[in-house]
Amino acid sequence: MSDPLGDRARLGPLLRQVAEAAERYLAAIDSEPVHSGRVEGAAAALQEPLPEVGLGSAAMLEKLITDGADAATRSAGPRFFHFVTGGSTPAALAADWFASALDQNAFSWVSSPLGSRLEKVTVGWLKDLFELPPDWGGVLTTGATTANFVGLASARRWWGLEHGMDIDSDGFAGLPPIPVLTSGYLHGSAVKALAMAGIGRASARRLVADSVGRLDMDAFRSALDELKGAPAIVIANAGEVNAGDFDPIEEMVEVAHRRNAWVHVDGAFGLFARVSTLARHLAVGVEGADSVIADGHKWLNVPYDCGFAFVRDPALMTGAFSITGPYLPLGTDERPSFGDFGPEASRRARALAVWATLHAYGREGYREMVDRHISLARRVAMQVTAAPDFELLAPAPLNVVCFRYRPPGYPEDGLDDLNRRLGAVILEDGRVFFGTTFYQDVVAFRPAIANWRSTESDVDLIVSVARELGESLAASR
């Protein structure tokens, strides 16, 4: 096969072949192991030298479908509890396929009226869903890291203007370091965003009250008082990754705003507590912050990649991210160019999937799903608490359960190694999928429930599979 122009007639059959393969894959995803056992071998089979003459789309697709399905973890399935990973709702997946076919660049209204219009609508819907003020600015991003970058770059711009400087035009020259205050719950994506914004990875001052990382509120007040009204950035964390805990956001906002500090809320998955009837109290005060972010491919259950950033003052977003050129159209309030609100100039029309899933299931559908997942996490926590061979390391206020395997009589100094080996075996076994973390100085597990498919029968495997594999490891010692 040479020039793809000659492949035009194959497009219809190729799409139908992919649809059939995807339907087979998803039909089995509820029951198949997360790990096929052929992941590495199948992936390696796709690693070949660049062909001088292509084999053609039909041969390519057959190989990709065969080896690709085996090489993929079933991360779209109901028992993938590693990280905080949602799946793709039927509505979101169908719309995302259509978005690929349309292949829109949602940079500007001119390049894609459809993508831009739907992004404007979905940003409004998301603010409504999360109960954020309707006049805030917003943009869809690739995920939480890029969303954090948008929020913190907007905060950086505000901080510079407070010093009488336009950092985005003139840089940092002559300015002092930017004070950044947070708790021990600060996530690596926010740290990475601080680096990308030029604020610096080491700029974040973690004010912790205990080994868990909870905020020391007295130290927080004192640190802000020491600045004597000089502007600062505060990062509040909604949903700590090991146990789902929250910073005291409402109190942080109140204290910070009295002392001239910007409050950025990293709510990658925790922002969805505001949708819940069971956990909404955890995220009270978010509406008072200056910037807020969340992930779409977590609890919204849209395909990778998707995130959201919201900023109280939209002008700070465009001040940081606008792009100009003689051939580039200018956005307006009525017809915004979303490429001016975030770092990407080439932008997938990810609004189609977000619009589709919100349109299909509405506020009530998402409230039911989030509450179901929180109830499932509480179910697992109760199972762990009732078990003589497991230890619950923290309450489960949201959708993450932090625990470790602790068989009676097992030497204390060997528990970390046992749990580390058990984590590796669980991932290899594949019936459920969750790895280890480090929490309060011990090796632990932190399965997170965020997939729309997950039910009681799926989460009940967490303790039973861990016990079965753990007993084998403990006996072999």
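The values are calculated or read from the model by the stated rules, or taken from the named source; none is laboratory data. This one's a predicted model, so the numbers in the text were calculated from it and none came from an experiment. Neighbour counts are summed over all protein chains in view; Cβ atoms, including those assigned to glycine, are modelled from backbone coordinates with ideal geometry.
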Residue count, segment 268-287, condition within 16 Å of the chain's Cα centre (by Cα) and part of a loop (DSSP other than H, G, I, E, B), comes to 2
Give THR141, THR145 a once-over and let me know the one that is of a type in the set (Ser, Thr, Tyr) and under 14 Å from ALA351 (Cβ atoms).
THR141
Based on what the data block shows, is SER203 modelled with pLDDT of 95 or more and either surrounded by 16 or more Cβ atoms within 10 Å (Cβ to Cβ) or within 19 Å of VAL286 (Cα to Cα) (or both)?
yes
What's the number of the only condition in (1) touching a strand residue (DSSP E or B) at 6+ places or on another chain (Cβ under 9 Å); (2) assigned to a loop (DSSP other than H, G, I, E, B) that ASN237 fails to meet?
(2)
Just for segment 293-314: of the residues that are in a loop (DSSP other than H, G, I, E, B) and of a type in the set (Asp, Glu), which one is modelled with the lowest pLDDT?
ASP305
Result of the Cβ filter at 7 Å on segment 22-50, keeping first residues that are part of a helix (DSSP H, G or I) and partners that are polar (S, T, N, Q) and surrounded by 12 or more Cβ atoms within 10 Å (Cβ to Cβ), at least 6 apart or interchain, is VAL39/THR73
Please tell me if SER457 is free of Cβ contacts under 8 Å to residues at least 24 places away in the same chain and within 30 Å of LEU300 (Cβ to Cβ).
yes
In segment 117-144, which residues are surrounded by fewer than 23 Cβ atoms within 10 Å (Cβ to Cβ) and part of a helix (DSSP H, G or I)?
ARG117, LYS120, VAL121, GLY124, TRP125, LEU126, LYS127, ASP128, LEU129
Looking at (1) farther than 21 Å from ALA351 by Cβ; (2) in a loop (DSSP other than H, G, I, E, B); (3) under 23 Å from the mean Cα position of the chain (by Cα), can you tell me which one LEU55 breaks?
(3)
Quick one: count up the residues across segment 240-255 that are assigned to a helix (DSSP H, G or I) and touching a residue at least 40 places away in the same chain (Cβ under 8 Å).
1
Subset of segment 116-131, residues out of contact with any strand residue (DSSP E or B) (no Cβ under 9 Å at 6 or more places or on another chain) and among the small types (Gly, Ala, Ser), comes to SER116
Can you tell me which residue in segment 84-121 is farthest from GLY325 (Cα to Cα), limited to those that are over 21 Å from the mean Cα position of the chain (by Cα) and polar (S, T, N, Q)?
SER100
Which one is surrounded by the most Cβ atoms within 10 Å (Cβ to Cβ), of the residues in segment 213-234 that are assigned to a helix (DSSP H, G or I) and within 29 Å of the chain's Cα centre (by Cα)?
PHE220
Taking the conditions exactly as written (under 30 Å from ARG274 (Cα atoms) and hydrophobic (A, V, I, L, M, F, W, C)), does LEU461 satisfy them or not?
yes
Assess whether VAL400 counts as being in contact with a Ser or Thr (Cβ under 7 Å, 6 or more places away or on another chain), at pLDDT 95 or above and within 27 Å of GLY239 (Cβ to Cβ).
no
Just to check your reading of the model, which residue among VAL384, VAL354, VAL370 is touching a strand residue (DSSP E or B) at 6+ places or on another chain (Cβ under 8 Å) and under 28 Å from GLY288 (Cβ atoms)?
VAL354
Taking VAL265, is it in a loop (DSSP other than H, G, I, E, B) and crowded, with 24+ Cβ neighbours inside 10 Å?
no
Kindly indicate whether LEU415 is more than 30 Å from ASP70 (Cβ to Cβ) and touching a residue at least 12 places away in the same chain (Cβ under 8 Å).
yes
Restricting attention to segment 436-452, which residues are surrounded by 22 or more Cβ atoms within 10 Å (Cβ to Cβ) and outside any strand (DSSP E or B)?
ARG446, PRO447, ILE449, ALA450, ASN451, TRP452
Scan segment 453-477 for residues that are in a helix (DSSP H, G or I) and within 23 Å of the chain's Cα centre (by Cα) and report the count.
3
